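A short worksheet on the structure shown next.
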Amino acid sequence: MESYYGPDFSSLAREDPDVARLLVEELARQRGGLQLIASENYTSPAVLAAMGSTLTNKYAEGYPGRRYYGGCEVVDRAELLAIERAKRLFGAEHANVQPHSGASANLAAYAALVRPGDTVLAMALEHGGHLTHGSRLNFSGRWFDVVSYGVRRDTELLDYDEVRDLALRHAPKMIICGATAYPRPIDFAAFRGIADEVGAWLLADVAHTMGLVAGGVAPSPVPYADAVTFTTHKTLRGPRGGAILCTEEVARRIDRAVFPFVQGGPMMHVVAAKAVAFGEAARPEFAEYAERVVANARTLTATLEAAGMRPVTGGTDTHLAVFDLRDLGVDGATAERRCAEAGVTLNRSVIPYDPGSPSRTSGIRLGTPCVTSQGMGPDEMEEIGSIVAQAVRNPNAVASLITRVKALVSAHPAYGDAPTAVGDD
Ligand code: DSN
């Protein structure tokens, strides 16, 4: 390949040391501790390279072959590559790779399939749903009449009978399935059956699990849903962004909703990076990665359970787990802070029927996409579980825990060959 002009780190360090220093500090933060936020990952150097490219300079409102700007012949090919790879990877009839985020993808799906004031049935945020599934603070709860379903109090599992009852009672125009804090597989066929019974569209928001779907270790909603929204930066390990897969039947509506209804020009550097990520996710190594993500989550969950932290639903089949800390007498915010002091980043989370509040939750959520990308396996999960359990229980243990965290991340460095200081590239 001919040489390619790509501004390297030394030019940023020279031109803007203030920003360069922040990049170095953030890289040091990401490498210096354990990243257990279930929705984060370490994307590949190839994805980073595509995102830091001159494709960011190009305006390309419209779609390949139908743009409102000249000079789109190269970015057209980048977008077509991303579309074709996404369709092949997930077996979809149509793909739109332009959404800037999962929330924009969801806004576009609402715009395509329902009208303000329509009834939508979706999972409650407090039970593991998402802001865009009907929160009053979000467009979804403000502009739509959202009826929420949840999980059962006894099993903490989705209650498909309740979903069906609510659907029959409220006749929603759209049903949304998918979650951000639900550690078990979702029965998309059951949702399809309910949607068909009441004549509703089915939207699956699988932002969290799409990498596991790509790797063949989580069920795919594609054969069942009219539209599937997802982010490319979570388990899928691509650039920060969103995408939509859908049937041919709603393809035109979805495309027109993304542009020009919700968004203007697409970010072509991110679209190119999505193409890279879809290409990476189609490789056998990625399926192995996805398998290890789930195996690691199970080991970590079992270790924490043995240490007295109760996993919501009794365990996990995915990349994440949610823990109820009430038996330990520690709230989620305190646990999050204590773990942070020990060098472990995770986040507080509500648990189903949480007696606490969103800022003082009764639980925490953690996930294994990042640590698995670093090459960690079962032994490391047991060590991480022991560190997290001690950090949550005992604020005086912090100093010794930091040493153990440093040992883990030094043995499995994220971006092992990346520069460590301004100009050190
Ligand atoms: N913010 C994401 C998460 O952490 O689950 C959802 O959009």
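The values are calculated or read from the model by the stated rules, or taken from the named source; none is laboratory data. Model, not experiment: these values are computed from the prediction. Every residue, glycine as well, gets a Cβ built from its backbone with ideal geometry; the counts of neighbours run over all protein chains shown.
Taken over the stretch 112-148, the criterion of being part of a loop (DSSP other than H, G, I, E, B) and closer than 17 Å to GLY102 by Cβ is satisfied by GLY128, GLY129, HIS130, GLY134, SER135, LEU137, ASN138. Please work out which residue is farthest from the ligand (Cβ to nearest atom), limiting yourself to the stretch 56-79 and to residues that are of a type outside the set (D, E, K, R) and surrounded by fewer than 16 Cβ atoms within 10 Å (Cβ to Cβ). Once the filter is applied, the top-ranked residue is GLY70. Exactly one residue out of GLY117, GLY150 is touching a His at 6+ places or on another chain (Cβ under 6 Å), away from the ligand (no atom under 14 Å from the Cβ) and at pLDDT 95 or above: that is GLY150. When PRO260, PRO239, PRO266 are checked against the criterion of being in a loop (DSSP other than H, G, I, E, B) and away from the ligand (no atom under 16 Å from the Cβ), a single residue qualifies: PRO266. The residue of the stretch 87-114 that is surrounded by the fewest Cβ atoms within 10 Å (Cβ to Cβ), among those that are away from the ligand (no atom under 16 Å from the Cβ) and closer than 20 Å to GLY265 by Cβ, is ALA111. What number of residues within the stretch 49-67 satisfy the criterion of being out of contact with any Ser or Thr (no Cβ under 9 Å at 6 or more places or on another chain) and in a helix (DSSP H, G or I)? So the count comes out to 6. Of the strands (runs of 3 or more DSSP E) lying entirely inside the stretch 314-403, the ones with 3 or more residues being crowded, with 23+ Cβ neighbours inside 10 Å and within 16 Å of the ligand (Cβ to nearest atom) are found at 320-324, 363-367.
The set of residues from the stretch 125-147 being more than 15 Å from the ligand (Cβ to nearest atom) and either of a type in the set (Ser, Thr, Tyr) or under 18 Å from LEU320 (Cβ atoms) (or both) is empty.
Residue check: GLY70 meets all listed conditions (1) free of Cβ contacts under 8 Å to residues at least 12 places away in the same chain; (2) in a helix (DSSP H, G or I) but one, namely (2). If ILE37 satisfies every condition in (1) crowded, with 16+ Cβ neighbours inside 10 Å; (2) more than 16 Å from the ligand (Cβ to nearest atom); (3) assigned to a loop (DSSP other than H, G, I, E, B) but one, which is the exception? Among (1) crowded, with 16+ Cβ neighbours inside 10 Å; (2) more than 16 Å from the ligand (Cβ to nearest atom); (3) assigned to a loop (DSSP other than H, G, I, E, B), the lone unmet condition for ILE37 is (2). Without any contact (Cβ under 8 Å) to a residue 40 or more places away in the chain and of a type in the set (Lys, Arg): does that describe ARG29? Yes; evaluated as a whole, the condition is true for this residue.
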